[in-house]
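The values are calculated or read from the model by the stated rules, or taken from the named source; none is laboratory data. Model, not experiment: these values are computed from the prediction. Positions of Cβ are generated from backbone atoms using ideal geometry, with glycine treated the same way; all protein chains shown enter the neighbour counts.
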């Protein structure tokens, strides 16, 4: 006698399970949130690892101050520059940045640098900046820039990336201004907040990393190199001024 022909099918999942799997795959294919250590989760004023303070490479300049405080009921990063230079860096494990990858944060500036002017060396200071560090191959650079970068890495003991994209709060230049750093083209600026009409106000920011990188460095490379770190900074060493600002949690959502 033949067995029951109505056996359950073990090779075909229920419709609803396939639908859920398809939705999960679609969502994960579009974006992946990369963990960035949050300031708001810290239980003390100490900067949480892997964030680390770095001075100006190979220099004895005063270092800008970074610490955590509670502001409006939330723990945030306080950034103080006083004739100083410094960055707070968060290393990343060589991440691929696809079109649509988003970098987001919020910041607030209480004391601006009114004498800053990013177009000139003597004014090359920023009260607040959030930067993305890309490991672009040095063979994309000219001989002089390759030699300069190699020497800077050797003298400072730091791995200085060949392509750094910095979003800045500037006092003079209008929003969406893009320009190279006055000292080195290895750093490019994008002005995302301008002037002092929004001082002491929290402003959310969100940027398409891939789009901004291609606009800033597209003439040097056809591909987007791995993202190896993020940095927050403030400097007032060239103008001799002082500034005070705050930065909230930084978030990174990567698209394939």
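At-a-glance table
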{"read-out": "Subset of the stretch 206-241 that is surrounded by fewer than 16 Cβ atoms within 10 Å (Cβ to Cβ) and outside any loop (DSSP other than H, G, I, E, B) - its residue that is farthest from the chain's Cα centre (by Cα)", "value": "215"}
{"read-out": "Unmet criterion (only one of (1) within 13 Å of residue 108 (Cβ to Cβ); (2) surrounded by fewer than 19 Cβ atoms within 10 Å (Cβ to Cβ)) for residue 247", "value": "(2)"}
{"read-out": "Residue match in the stretch 138-160 (condition: touching a strand residue (DSSP E or B) at 6+ places or on another chain (Cβ under 9 Å), more than 26 Å from residue 120 (Cβ to Cβ), modelled with pLDDT under 95 and assigned to a loop (DSSP other than H, G, I, E, B))", "value": "yes"}
{"read-out": "Residue 150 being over 18 Å from residue 188 (Cα atoms), free of Cβ contacts under 8 Å to residues at least 24 places away in the same chain and touching a helix residue (DSSP H, G or I) at 6+ places or on another chain (Cβ under 9 Å)", "value": "yes"}
{"read-out": "Residue 106 vs. criteria surrounded by fewer than 19 Cβ atoms within 10 Å (Cβ to Cβ) and closer than 22 Å to residue 172 by Cβ", "value": "no"}
{"read-out": "Residue within the stretch 23-38 that is under 30 Å from residue 197 (Cβ atoms), modelled with pLDDT of 95 or more and out of contact with any helix residue (DSSP H, G or I) (no Cβ under 7 Å at 6 or more places or on another chain) present", "value": "yes"}
{"read-out": "Among (1) touching a residue at least 60 places away in the same chain (Cβ under 8 Å); (2) in contact with a helix residue (DSSP H, G or I) (Cβ under 6 Å, 6 or more places away or on another chain), the one test that residue 188 misses", "value": "(1)"}
{"read-out": "Filter result for the condition that a residue is in contact with a strand residue (DSSP E or B) (Cβ under 6 Å, 6 or more places away or on another chain) and touching a residue at least 12 places away in the same chain (Cβ under 8 Å), over 91, 115, 72", "value": "91"}
{"read-out": "Residues being assigned to a loop (DSSP other than H, G, I, E, B) and either touching a helix residue (DSSP H, G or I) at 6+ places or on another chain (Cβ under 7 Å) or more than 22 Å from residue 207 (Cβ to Cβ) (or both) - total across the stretch 80-99", "value": "5"}
{"read-out": "Condition check for residue 187: surrounded by 17 or more Cβ atoms within 10 Å (Cβ to Cβ), at pLDDT 95 or above, in contact with a strand residue (DSSP E or B) (Cβ under 8 Å, 6 or more places away or on another chain) and closer than 15 Å to residue 106 by Cβ", "value": "no"}
{"read-out": "Boolean, residue 116 is surrounded by 21 or more Cβ atoms within 10 Å (Cβ to Cβ) and over 30 Å from residue 32 (Cβ atoms)", "value": "yes"}
{"read-out": "The lone exception for residue 182 - which of (1) farther than 23 Å from residue 92 by Cβ; (2) in contact with a strand residue (DSSP E or B) (Cβ under 7 Å, 6 or more places away or on another chain); (3) surrounded by 15 or more Cβ atoms within 10 Å (Cβ to Cβ) it fails", "value": "(2)"}
